Amino acid sequence: GTQLFNGRFELLDLSLERLDALCETRPVRIGLSATQRPIETVARLLVGAGEGRSEASGGPRCEIVDVGHRRALDVAIEVPESELEAVASGEQWGEILDGIAAQVREHRTTLVFVNTRRLAERLARLLEERLGEGKVAAHHGSLSKERRLRVEARLRAGELGVLVATASLELGIDVGPVELVCQIGSPRSIATFLQRVGRSGHQRRGLPKGRLYPTSRDELVECAALLAAVKRGDLDR
């Protein structure tokens, strides 16, 4: 449940409190996450406040198990041949899309993450021009639930070579085996990047594979700092 964010976690927490009020014995709560820090603060949110929910020391009354979050990753930055500037030119966008299309051809299934719904639709269309009709689709929160489910089903069935998505696909949704994750621009947080790259190689002994595509000099600096943080094992608070 700790992967849920914004209003979703608050809704879950409120529902658990209502369930507690109805049950004679308080249900056991178990939170699992690879990207939440600090764990003690998240544990307090999961356990809640009130009688019997805190230790004498003031900490949350629960067992905290920390087995670490680090795993082997295959991650790298990809830059266009021409030098990045303050804003990507049309030529550089073409180089970026050609590079992604080449990566897609080398992998069975690829997820491309972008930060806006408009960009998801635009890049899906431009990639389809390079890869062929019916090989690319977009996935974001503005699409109807039925359409999102159809797209996810096509991805699981191996009918799509690449799916361009926003945050709608970064959580633990069963979309089948994914071999590569491409991130356009900076994801703006370490946890977001790890969650997105973690959609690939999502099986025992699997190796998550991700490629970052900065579109400006500022994003290049940010992406380089992001990879350095990942290698150190850092996480956002």
ask   = Excluding ligands and nucleic acids, what accessible area in Å² is computed for L119 using a 1.4 Å probe, to the nearest 10?
value = 40
Size-normalised alpha-carbon gyration radius of the chain, reference 2.2 N^0.38 Å = 1.15
message = Helix-only mean residue ellipticity at 222 nm, the chain, DSSP H runs n ≥ 4 weighted -39,500 (n - 2.57), per residue, nearest 500. What is it?
response = -12500 deg cm²/dmol
message = With angles folded into 0 to 90 degrees, how steeply does helix 145-156 sit against the dominant principal axis of the chain? Use alpha carbons for both and round to 10.
response = 70
message = Computing the accessible area with a 1.4 Å probe over protein heavy atoms, can you report the carbon and sulfur percentage for segment 90-153?
response = 45
key: Relative contact order [Cα under 8 Å, 6+ residues apart], the chain, whole percent   = 22
query = On the first, second and third principal axes, largest extent first, how far apart are the outermost C-alpha atoms of segment 101-214 in Å?
reply = 33, 29, 28
key: Cross-link reach list, aspartates and glutamates versus K135, counting only Cα pairs under 12 Å and skipping chain neighbours closer than eight places   = E159
query = Pulled fully out, how much extra length does the chain show between L16 and E85, if you take 0.36 nm times their separation in residues and subtract their Cα-Cα distance?
reply = 19.9 nm
ask   = Quick one: if the Förster radius is 25 Å, what FRET efficiency do R118 and A157 give, using the C-beta to C-beta distance and rounding to 0.05?
value = 0.35
Burial order of peptide ranges 156-168, 44-56 (average beta-carbon count within 10 Å, highest first) = 156-168, 44-56
task = Would you please calculate the Kirkwood hydrodynamic radius of segment 31-89 over all C-alpha pairs and express it in Å, rounded to one decimal?
result = 15.5
task = Kindly report the accessible area of the chain per residue (heavy atoms of protein chains, probe 1.4 Å, no ligands, DNA or RNA), in Å².
result = 57
note = Stokes-Einstein D for segment 71-157 (37 °C, 0.692 mPa s, Kirkwood Rh from Cα pairs), in µm²/s, comes to 225
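The values are calculated or read from the model by the stated rules, or taken from the named source; none is laboratory data. Everything numeric here is computed off the predicted structure, so don't read it as measured data. Counting neighbours? That spans all protein chains shown, and the Cβs are built from the backbone with ideal geometry, glycine included. Just so you know, the surface numbers come from the protein's heavy atoms only, side chains and all, with ligands and any DNA or RNA stripped out. Shrake-Rupley method; radii C 1.70, N 1.55, O 1.52, S 1.80 Å.
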